[in-house]
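Asker: Quick one: the structure is below, questions incoming.
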Amino acid sequence: MTWEDLKDETTPDLIDYVKSINEPEYKELAEAAFAVLTFRFRKDLIDKCVVMSRKWNRTEDDAIELANRVFYRLLKYPRYEHAECKGGDTDKCFRKYLYGIPN
């Protein structure tokens, strides 16, 4: 399975797939779903990290490294629960979740 097979899946479904990363029979599915999430949210997260990095007098490379660490933590500890999203826009809720992941 490749990420292209999942590119039209909803964000909540992709997150659910990523949560199965430690189950051997679903590892390939989880990795493909993680790739889609990364493609879908990477630019937005990097833009947010650039703003934060400038406030801390850091470089754009630092911002990219910060975004990479956030995605690493997401894969290692996939704890997002879309049921907790108060608004109807799960992508917006997931972005806020990404912004809050400590590096």
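Asker: Restricting the first residue to the range 84-103 and requiring it to be farther than 21 Å from residue 64 by Cα, which pairs with a second residue that is of a type in the set (S, T, N, Q) and assigned to a helix (DSSP H, G or I) meet a Cβ separation below 9 Å and a spacing of at least six or different chains?
Answerer: Taking only residues 6 or more apart or on different chains, the pairs are 90/11; 93/11.
Asker: Continuing with this model, one more query. What's the total number of residues in the range 11-22 that are modelled with pLDDT of 95 or more and surrounded by fewer than 12 Cβ atoms within 10 Å (Cβ to Cβ)?
Answerer: Total satisfying the criteria: 0.
Asker: Do you know which residues across the range 44-59 are β-branched (Val, Ile, Thr) and under 19 Å from the mean Cα position of the chain (by Cα)?
Answerer: Listed by number, the residues that qualify are 46, 50, 51.
Asker: Quick one: in the range 50-103, of everything that is of a type in the set (Val, Ile, Thr) and closer than 15 Å to residue 37 by Cβ, which residue is surrounded by the fewest Cβ atoms within 10 Å (Cβ to Cβ)?
Answerer: Out of the qualifying residues, it is 101.
Asker: Still on this structure, please answer the following. Listed residues 42, 54, 73; which is over 12 Å from residue 15 (Cα atoms), free of Cβ contacts under 8 Å to residues at least 60 places away in the same chain and touching a Pro at 6+ places or on another chain (Cβ under 9 Å)?
Answerer: Criteria check complete, one pass: 73.
The values are calculated or read from the model by the stated rules, or taken from the named source; none is laboratory data. In this text the structure is predicted, and so the values were computed from the model without any measurement. Virtual Cβ from ideal backbone geometry, glycine too; neighbours counted across all protein chains shown.
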